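This report refers to the structure that appears directly beneath it.
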Amino acid sequence: MPATGTTRPWYDRPLRLGAVAGVPVAVSTSWILVTVGMVAIFAPQIRRALPELGWIAAGAVALVYTLILAVSVLLHEVAHALAARSVGWRDSSIEITLWGGHTSFEAHEESPGRSLVVSIVGPLVNLVLGGLGLVLQQAWAPQGVSELLLYMAVWSNFAVGVFNLLPGLPLDGGRVVEAIAWKITGSQAKGTIAAGWAGRVVVIGVVGAVVFALVRGGFTPGPLTFAALALVLVPLWTGAGRSLQHGRLRLNLEGMQASTLLRPVQLLPAGASVAGAEAAGVLYGTVVLATAPGGGLLRVLPEAVLAVPESLRGGTPATQAGVPADDGAVVSPDADGDRLARAALDSISGTVLVVDESGRCVGAVRREDVVAAIQARPRKEPLQ
């Protein structure tokens, strides 16, 4: 997965191409660099296969092949995006990258079955494309450049499909393993951890097979082969490691509940003044709430209290120094770790209000406490 954010390096920046079936599509600058390298590698091989071609023609054929491969990867990712949309996951986007491509989306109401469907459709599309190519070969029997391009397209689709079905994260096959382990254990985190270890086993297995072939003899790879193996295996190993880390963090999330991370709050009536909020401790870190006239909750902001001249604080309603408690930063006492973490991230102030069924605020959870719980660090005592 490429890095996200606004500081991505020049060789890994997304260039927007448009949309397919309503899904935004971008190509990373890293793919352009890889395309140049692939043309340089394949052009000599194409000249050996078709000696009648000149260097320019061979380079053009190699470029067409890389574009066919990019389209195959794009169809793979579009399948993921459409499957995600079909199960209610939204905000999909596709990026073709150095390592092929990836689809991003927001997963809502996740389940092992939905995850399995979204994961497996991509490789299946490539296998179907490879099969259709074989049928076309038999029916058309092309010659020359057409025969070579079709042959390369068929087997590259089979390779992409089979490779992505290898049973380990971060590959699609790893998502299948994750879904199966999730279904068996009832824990998505345990499924992620199992699939992460499976990913590392896949890498070790490939390395072991290469070493065995070298020791046994008959396999004499060149520098380009070793470079290609490194380009594939190193990201797989690091991706599996990230999956293990994510799974362990998620395991901590699954054991978290809002009621166990509560900090005390001071409740003020609707008619309370700014001076009353100050006296209640808003300037010293205690969360102070004012009940709005309509019955809703307001969070009184320390900076808003300080902005009121001291001489006017006794006559200024505390509601003028507060902001409405955003629904996205309000949870119930039994909210699970995933819901609590999302609310903590969404909260502008870093405070999540915990409100019971009657609408009474029973406490608050600070973002730093959620982070500490996820990372299994001891919780600091609340400020008073």
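So what is the accessible area of the stretch 153-263 per residue, in Å², with the probe set to 1.4 Å? Intermediate values should be presented prior to the final figure.
Numbers: 5760 Å² over 111 residues.
With the other protein chains kept in place, the stretch 153-263 gives 52 Å² per residue.
Accessible area of the chain with a 1.4 Å probe: how many percent of it is carbon plus sulfur? Before the final figure, lay out the partial values.
Values: 13080 of 20320 Å².
Looking at the chain in its full context, I get 64 percent from C and S.
Taking amide H atoms as placed 1.01 Å from N in the peptide plane, list the residues 5 or more away in sequence, or in a different chain, whose amide H sits under 5 Å from that of Ala335.
Ala258, Ser259
Quick one: Karplus J couplings for the stretch 298-310, per residue in order, coefficients 6.51, -1.76, 1.60, θ = phi - 60°, nearest Hz, x for Gly and Pro?
Running phi through 6.51 cos²θ - 1.76 cosθ + 1.60 with θ = phi - 60° gives 10, 9, 7, 9, x, 5, 6, 5, 5, 6, 7, x, 4 Hz.
Among (i) 1.33; (ii) 0.94; (iii) 1.52, only one was calculated for this model; which label is it, if the read-out is Cα Rg over 2.2 N^0.38 Å?
Derived directly from the coordinates: (i).
Name the long-range amide H neighbours of Val20: under 5 Å, sequence gap of 5 or more, or other chain; modelled H, no Pro or chain starts.
The answer is Val25.
On a 0 to 90° scale, report how tilted helix 188-216 is relative to the longest principal axis of the chain, with both axes built from alpha carbons and the result rounded to the nearest 10.
Roughly 30 degrees, rounded to the nearest 10.
Does anyone have the angle between helix 337-346 and the longest principal axis of the chain? Alpha-carbon axes, 0 to 90°, nearest 10?
Relative to the chain, helix 337-346 is tipped by roughly 80 degrees.
What is the set of long-range amide H partners of Leu165 at a cut-off below 5 Å, with H atoms built 1.01 Å from backbone N?
Those qualifying (amide H under 5 Å, at least 5 residues apart or on another chain) are Gly173.
Working from Cα positions, state the angle (0 to 90°, nearest 10) between the long axis of helix 144-164 and the longest principal axis of the chain.
For helix 144-164, the angle is close to 40 degrees.
What net charge is computed for the residues neighbouring Val23, neighbours being all others with C-beta under 14 Å from the C-beta of Val23, Lys and Arg scored +1, Asp and Glu -1? List each step's numbers first, then the result.
On the way: positive: Arg16, Arg85, Arg90; negative: Glu77, Asp91, Glu95, Glu106.
Residues close to Val23 contribute a combined charge of -1.
Given a 1.4 Å probe and the protein chains all in place, what does the accessible area of Phe42 round to, in Å² to the nearest 10?
50
Return the sequence-ordered ³J(HN,Hα) values of the stretch 220-237 in whole Hz as given by the Karplus equation 6.51 cos²θ - 1.76 cosθ + 1.60 applied to θ = phi - 60°, using x for Gly and Pro.
10, x, x, x, 5, 5, 5, 5, 5, 4, 5, 5, 8, 6, 4, x, 5, 5
Please sort 167-178, 268-279 by packing, taking for each peptide the average over its residues of neighbouring beta carbons within 10 angstrom, highest first.
Numbers: 167-178: 24.1, 268-279: 19.2.
Going from most to least packed, we get 167-178, 268-279.
Going by Cα centres, the stretch 83-115 and the stretch 221-245 are how many Å apart?
Distance between centres, Cα-based: 24 Å.
I'd like the Karplus ³J(HN,Hα) series for the stretch 130-138: coefficients 6.51, -1.76, 1.60, θ = phi - 60°, whole numbers in Hz, and an x wherever there's a Gly or Pro.
Taking θ as phi minus 60°, the curve returns x, x, 5, x, 4, 4, 5, 4, 5 Hz for the stretch 130-138.
The values are calculated or read from the model by the stated rules, or taken from the named source; none is laboratory data. Fair warning: this is a prediction, and the values are worked out from it, not measured in the lab. Neighbour counts run over all protein chains shown; Cβ positions are idealised from the backbone, glycine included. We work out accessible area using only protein heavy atoms, side chains counted, and drop any ligands, DNA or RNA first. Shrake-Rupley method; radii C 1.70, N 1.55, O 1.52, S 1.80 Å.
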